1. Quick check, is V77 of a type in the set (V, I, T), in a helix (DSSP H, G or I), touching a strand residue (DSSP E or B) at 6+ places or on another chain (Cβ under 9 Å) and touching a residue at least 60 places away in the same chain (Cβ under 8 Å)?
2. Looking at the structure I just gave you, is R113 within 27 Å of E30 (Cβ to Cβ) and part of a strand (DSSP E or B)?
3. Suppose the filter is touching a strand residue (DSSP E or B) at 6+ places or on another chain (Cβ under 8 Å) and small (G, A, S); does S150 pass it?
4. Among the residues of the range 26-53 satisfying the criterion of being surrounded by 14 or more Cβ atoms within 10 Å (Cβ to Cβ) and within 16 Å of K107 (Cβ to Cβ), which is modelled with the lowest pLDDT?
5. Are any of the residues in the range 5-14 of a type outside the set (V, I, T), out of contact with any Cys (no Cβ under 9 Å at 6 or more places or on another chain) and at pLDDT 95 or above?
6. H146 versus (1) surrounded by 13 or more Cβ atoms within 10 Å (Cβ to Cβ); (2) part of a helix (DSSP H, G or I): which is the lone unmet condition?
7. What do you reckon, is E51 farther than 22 Å from G128 by Cβ, part of a helix (DSSP H, G or I) and in contact with a helix residue (DSSP H, G or I) (Cβ under 7 Å, 6 or more places away or on another chain)?
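The values are calculated or read from the model by the stated rules, or taken from the named source; none is laboratory data. Just so it is clear, the structure is predicted and the values come from calculations on it, not from any experiment. Note that each Cβ is placed from the backbone with ideal geometry, even for glycine, and that neighbours are counted across all protein chains shown.
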Amino acid sequence: MKTKFLLLLACSLLFTIHVHAQKKAAPQAEADIRALLDAQTEAWNKGHLEEFMKGYWRSPQLTFYSAGNKRAGYDAVLERYRKTYQSDGKEMGKVAFSNVEVELLGKKAAVVRGRWDLTMSDGKKMGGLYTLILRQFKKDGWKIIHDHTSSDQ
């Protein structure tokens, strides 16, 4: 009976320590994710697409869903951005993210929901909603592993 009590006490203590550690890590994880989005915004608004893409997982397993299309792989996502915003007659404009909600799904996973708005040099505006799934990597920190972006149009 004494052994069961000690085992229960030890498990309870470990659980309490684990929950406390997760609660303590959550604000830092959210701050790191928001910093990633801020860095992406800054890079985009300077016209630095490759810097913007540093927020994405550089992997063939990266997925991007938009306008009824699925793109798989970092290179395909980069090419989509280049074709849409940097090819002849195109521009990147100025992006702003708003209504950003960060929800941790565990120690190393999160979902981010929000709104994107893009203003072009001629004043034309477009926008929509996005859902991102992020994963924290030991070496590279938080990276977007899935992006689902919709447009108001």
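1. yes
2. Judged against the criteria, R113 is a match.
3. yes
4. Selected residue: A26.
5. For the range 5-14, residues of a type outside the set (V, I, T), out of contact with any Cys (no Cβ under 9 Å at 6 or more places or on another chain) and at pLDDT 95 or above: absent.
6. (2)
7. Yes; evaluated as a whole, the condition is true for this residue.
Quick grid of which residues meet (1) loosely packed, with under 15 Cβ neighbours inside 10 Å; (2) basic (K, R):
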| residue | (1), (2) |
| --- | --- |
| N69 | yes, no |
| R80 | no, yes |
| S87 | yes, no |
| G93 | no, no |
| F97 | no, no |
| E101 | yes, no |
| K108 | yes, yes |
| L129 | yes, no |
| D140 | yes, no |
